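To keep things clear, I will list the structure first and then write my remarks on it.
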Amino acid sequence: MAARAVTRAYDDALRPVGLRATQLAVLVAIAVEGAMSITALAKFMIMDRSTLTRNLRPLEEEGLVAVGVEGWRRSRTLEITEKGRSRLGEALPLWKQAQQTLRRKLGEQNWVNIHDDLDQLIRAA
């Protein structure tokens, strides 16, 4: 329930730029890591490859990411496009504002505690 509530808050904030929180995370990862295969991105994001592929489809259709042709070992390379970088530039301030709102509502100590607990959860999983 908590994950859905947080995702909904970010999705609502990103609605003006036509992105969902999961799509923004994919764009950021590709922008930071550069060209990479779908499999490598799935591993980097700790995401199932089929889930990532579903999240990539609308980004590719909108021209925000480019998916290369199948190459060695059937891998396909992903790259963020100029349009994707532009949309990312529009989305990040909205994401930051949503994060500041959540942080303010939780209070600084709760924010820190939740992040620490989530880091422990990730390491344990």
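Put simply, of 60, 79 the only residue that is more than 13 Å from the chain's Cα centre (by Cα) and part of a helix (DSSP H, G or I) is 60.
Please go through region 11-66 and give me each residue that is of a type in the set (Asp, Glu) and touching a helix residue (DSSP H, G or I) at 6+ places or on another chain (Cβ under 8 Å), ordered by number.
Answer for region 11-66, where residues must be of a type in the set (Asp, Glu) and touching a helix residue (DSSP H, G or I) at 6+ places or on another chain (Cβ under 8 Å): 11, 12, 33, 48, 62.
When 39, 22 are checked against the criterion of being β-branched (Val, Ile, Thr) and modelled with pLDDT under 90, a single residue qualifies: 39. Given the criteria charged (D, E, K, R), touching a helix residue (DSSP H, G or I) at 6+ places or on another chain (Cβ under 7 Å) and either in a helix (DSSP H, G or I) or surrounded by 12 or more Cβ atoms within 10 Å (Cβ to Cβ) (or both), does residue 123 qualify? When the stated conditions are applied, residue 123 does not pass them. Close Cβ contacts (under 7 Å, 6 or more residues apart or on different chains) running from residues in region 5-21 that are within 16 Å of residue 100 (Cα to Cα) to residues that are assigned to a helix (DSSP H, G or I) and β-branched (Val, Ile, Thr) comprise 21/7.
As a summary of the residue check, residue 34 satisfies the conditions (1) under 20 Å from residue 118 (Cα atoms); (2) surrounded by fewer than 16 Cβ atoms within 10 Å (Cβ to Cβ); (3) not charged (D, E, K, R) except for the one numbered (1).
The values are calculated or read from the model by the stated rules, or taken from the named source; none is laboratory data. These numbers come from a predicted model, not from an experiment. So basically every Cβ, Gly included, is an ideal-geometry build from the backbone, and we count neighbours across all protein chains shown.
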